[in-house]
Amino acid sequence: MKAWLAIGFFLFLYYHGPLHGQVVGNLQISSNRTIHFIVTDPQGRKTGVDPRGAEDPLVGKQLNEIPEANYSTNAIGDSPKKYEPLETDIQHEFMYNVKSPTNDGSYQIDCIGLKSARFDLSISLLLDNLGHVSSFDTSLTGLVGVNTVVSFCMQYKGQQGGITRIERLVSLSDIRQDLDNSYKLQLLGDHSFHKELSNILDSYEKHLSRKDTLKAVKELEKFHDRITKEYKEGTKARDKRFVTADALHILSYDVQYLIDRLPDKSKHGREDDKDKKPKK
């Protein structure tokens, strides 16, 4: 009898406890109505809504490739009095019970604009009932235009503390996109200032194509100096040239992201200098 009890207890631990090796957390990603988004899991499967090319972008094209994941559109409403119209807000939501270590890895979140606007994205991971997965909660923001994409990368390791890192991915086209959207949304002005900043990015691209990383870094630093200076000087009613806190935050992140990913070995000169022999 004791032997059967021991076997039964072992099987219970195997299927329900730490010996089974699988711990579960509830991952929730939500956004406001200005975007739809698509989540790509470590196996390349996608779940979400793609509005690009759809007859009705608000409905979009449904993607349901991640097993047991769900993407939905929810209307949140409130009417203080019966005779008042219902005030609603739209929220897009992704829900997924992530298992570790099965679902550990890198997740990409592509936010696709439904209009030119600022968007908000929140990501949370709730504790499982055994408490093996650490809770996590963060809010992110960005700027989009119609059908433009802003991407985030999320690293998940459930057995080592849950979500370990979330970062917005930035390329040269992304910083240009953020600059243009900042101008369109009147977070940055005026036209000549926008053109000046765009020209600095042209110079950055030129130096980068020549593998002259030192000069490329200097152009990014010049870009950051320009927007910081205008932000610190503030915005007056008569000023056409300005930078708001939102634009400064987003563009500063872009600049630092690009600088951090330039090759360290060439930050003091051309990348190919190491191959040149000194003159005798």
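Side notes on the structure shown:
- Sole residue being under 14 Å from V170 (Cβ atoms), in a helix (DSSP H, G or I), under 27 Å from the mean Cα position of the chain (by Cα) and of a type in the set (V, I, T), chosen from I227, I200, I250: I250
- Selection from segment 58-75 of residues that are under 22 Å from N147 (Cα atoms), part of a loop (DSSP other than H, G, I, E, B) and at pLDDT below 95: L58, V59
- Test: residue in segment 218-233 that is at negative phi and in contact (Cβ under 8 Å) with a residue 60 or more places away in the chain: no
- Looking across D104, D78, one residue alone is modelled with pLDDT under 95 and under 17 Å from N32 (Cα atoms). It is D78.
- Boolean, S182 is surrounded by 13 or more Cβ atoms within 10 Å (Cβ to Cβ), within 22 Å of the chain's Cα centre (by Cα) and either under 24 Å from V146 (Cα atoms) or of a type in the set (A, V, I, L, M) (or both): yes
- Residue that is modelled with the lowest pLDDT, among those in segment 146-197 that are under 24 Å from T102 (Cα atoms) and in a helix (DSSP H, G or I): Q160
- For segment 13-52, taking the residues that are modelled with pLDDT of 95 or more and of a type in the set (G, A, S), the one that is surrounded by the most Cβ atoms within 10 Å (Cβ to Cβ) is identified as G48.
- Residue match in segment 107-121 (condition: free of Cβ contacts under 8 Å to residues at least 24 places away in the same chain and of a type outside the set (A, V, I, L, M)): no
The values are calculated or read from the model by the stated rules, or taken from the named source; none is laboratory data. Only a predicted model underlies this, so the values are computations on that prediction, with no experimental measurement involved. Note that each Cβ is placed from the backbone with ideal geometry, even for glycine, and that neighbours are counted across all protein chains shown.
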